[in-house]
Amino acid sequence: MVAIMMKHVTKTYGHDLSKVQALQDIDFQADFGQLIGVVGPSGSGKSTFLEIVGGLLTPTSGTIKIDNQSYQDLSASQRENLRLNKIGFVLQAYNLVPYLTISEQFELVKHVKKTANMTANEFQQVIQRLQIDPLLDKYPETLSGGQQQRAAIARALFANPQIILADEPTAALDTKRAFEVMEIFRDLAHSTKKTIIVVTHDTRLEKYVDQLYNINDGKMEFVQ
Ligand SMILES: Nc1ncnc2c1ncn2[C@@H]1O[C@H](COP(=O)(O)OP(=O)(O)OP(=O)(O)O)[C@@H](O)[C@H]1O
Ligand SMILES: [Mg+2]
């Protein structure tokens, strides 16, 4: 089943002399149940691509469908709903709420999205695999970059979205924990039929993905 379909997507920032063509004629497809990697160097367009998939940015041209729905055909509130219920982000900046403890970050998810979150059991497993238990009563500013990153990943997973979009989710992690995160993503994609897209410059992560794309200067190519 097709989760994401992009055809001829382009994105241009700025005007005239300051114009940047961040994405060029992107064709992309992802099915449910797949972990997908998009690998490319800094400035190649990875974050732009992910933000367009997630409906945070509008493409300059081309079409995108999420679970057969086109963002263009939805009202602002329908788009909000689609994002809230179907899509989870792990953004490059971790976006934890500074004045909430880690466990309160999860409470906040429950408050905003009242249903269809992970069961207590599923969540406990994720917490253990990401080694977050000792951090639950702490505030983000007292955690290391890697600890914040793991907490942000757990928060996205807790909401249990069908589609997870992760921007450099392992950048602050040591190799062992980076690999553990990729294993969690792969297990979840396969066992719960999610689509998980990881964009990264880290080619060591390639071995975990079901499908791999490279992106360079805004051009995307399917590798395998
Ligand atoms: N808001 C913006 N306004 C103008 N140019 C932008 C904007 N955001 C990104 N760009 C440009 O678009 C190109 C792609 O940027 P993008 O952030 O998507 O790259 P990236 O692959 O995510 O890089 P990184 O690995 O450093 O995060 C770059 O040339 C960047 O300078
Ligand atoms: Mg980026």
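The values are calculated or read from the model by the stated rules, or taken from the named source; none is laboratory data. In this text the structure is predicted, and so the values were computed from the model without any measurement. FYI the Cβ positions are ideal-geometry reconstructions off the backbone, even for glycines, and counts take in every protein chain you see. Heads up: the accessible areas ignore ligands, DNA and RNA and are worked out on the full protein's heavy atoms, side chains in. Shrake-Rupley method; radii C 1.70, N 1.55, O 1.52, S 1.80 Å.
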Requested in this report: Give the peptides 187-194, 31-38 in descending order of average Cβ contacts within 10 Å, highest first.
Outcome: 31-38, 187-194
Report summary line: Interchain or sequence-distant (5+) residues whose placed amide H lies within less than 5 Å of the amide H of THR60 are THR10, LYS11, THR12
Report summary line: Mean separation of Cα contacts under 8 Å (at least 6 apart) over the residue count of the chain, i.e. the relative contact order in percent, is 32
Query raised in the report: Going highest first, how would you order 208-217, 151-160 by mean Cβ packing within 10 Å?
Result: 151-160, 208-217
Query raised in the report: Where q = 0.10, 0.18 Å⁻¹, what log10 of I(q)/I(0) comes from the Debye formula for the chain, counting one point per Cα?
Result: -0.44, -1.39
**Report entry** Shape parameters for region 1-66, alpha-carbon atoms, Rg then Dmax in Å
**Finding:** 12.4, 43
**Report entry** Diffusion coefficient, µm² s⁻¹, Stokes-Einstein with Kirkwood Rh over alpha-carbon pairs of region 120-172 at 37 °C and 0.692 mPa s
**Finding:** 282
Report task. Go through region 129-139 residue by residue and turn each phi into a ³J(HN,Hα) via Karplus (6.51, -1.76, 1.60, θ = phi - 60°); whole Hz please, and just put x for glycine and proline. Result -> 5, 8, 6, 9, 2, x, 9, 4, 8, 9, 8
Report summary line: Quick calc: nm separation of the 7 Å Cα→Cβ label points for LEU17 and GLN124 -> 6.3
Requested in this report: Using packing as a proxy for protection, rank 83-91, 128-136 so that the peptide with the highest average count of other Cβ atoms within 10 Å comes first.
Outcome: 83-91, 128-136
Query raised in the report: From the backbone phi of region 205-221, what are the Karplus-calculated ³J(HN,Hα) couplings (6.51 cos²θ - 1.76 cosθ + 1.60, θ = phi - 60°) in whole Hz, Gly and Pro given as x?
Result: 7, 4, 5, 8, 8, 7, 9, 10, 10, 9, 10, 9, 6, x, 10, 10, 10
Query raised in the report: So who's got an amide H within less than 5 Å of the one on ILE164, skipping anything under 5 residues away but keeping other chains? H placed 1.01 Å off N, in plane.
Result: GLY88, THR195, ILE196, ILE197
Query raised in the report: For the chain, what is the calculated [θ] at 222 nm in deg cm²/dmol (nearest 500), taking -39500 (n - 2.57) for each run of four or more DSSP H residues and dividing by its residue count?
Result: -10000 deg cm²/dmol
Query raised in the report: For the chain, what is the accessible area per residue in Å², given a 1.4 Å probe and the full set of protein chains?
Result: 49
Query - Full-stretch length increase - GLU141, GLN72 - with 0.36 nm per residue and alpha-carbon distance subtracted - result: 21.0 nm
Query raised in the report: What percent of all Cα-Cα pairs in region 139-224 falls in each 5 Å bin, counting up from 0?
Result: 3, 13, 24, 24, 18, 12, 4, 1, 0
Query - Radius ratio Rg over Rh of region 3-121, counting only Cα atoms, Kirkwood formula for Rh - result: 1.00
Query raised in the report: For region 48-174, what number results from the quotient of the Cα radius of gyration and 2.2 N^0.38 Å?
Result: 1.11
Query - Folded to 0 to 90 degrees: helix 175-192 orientation relative to the chain principal axis, Cα - result: 80
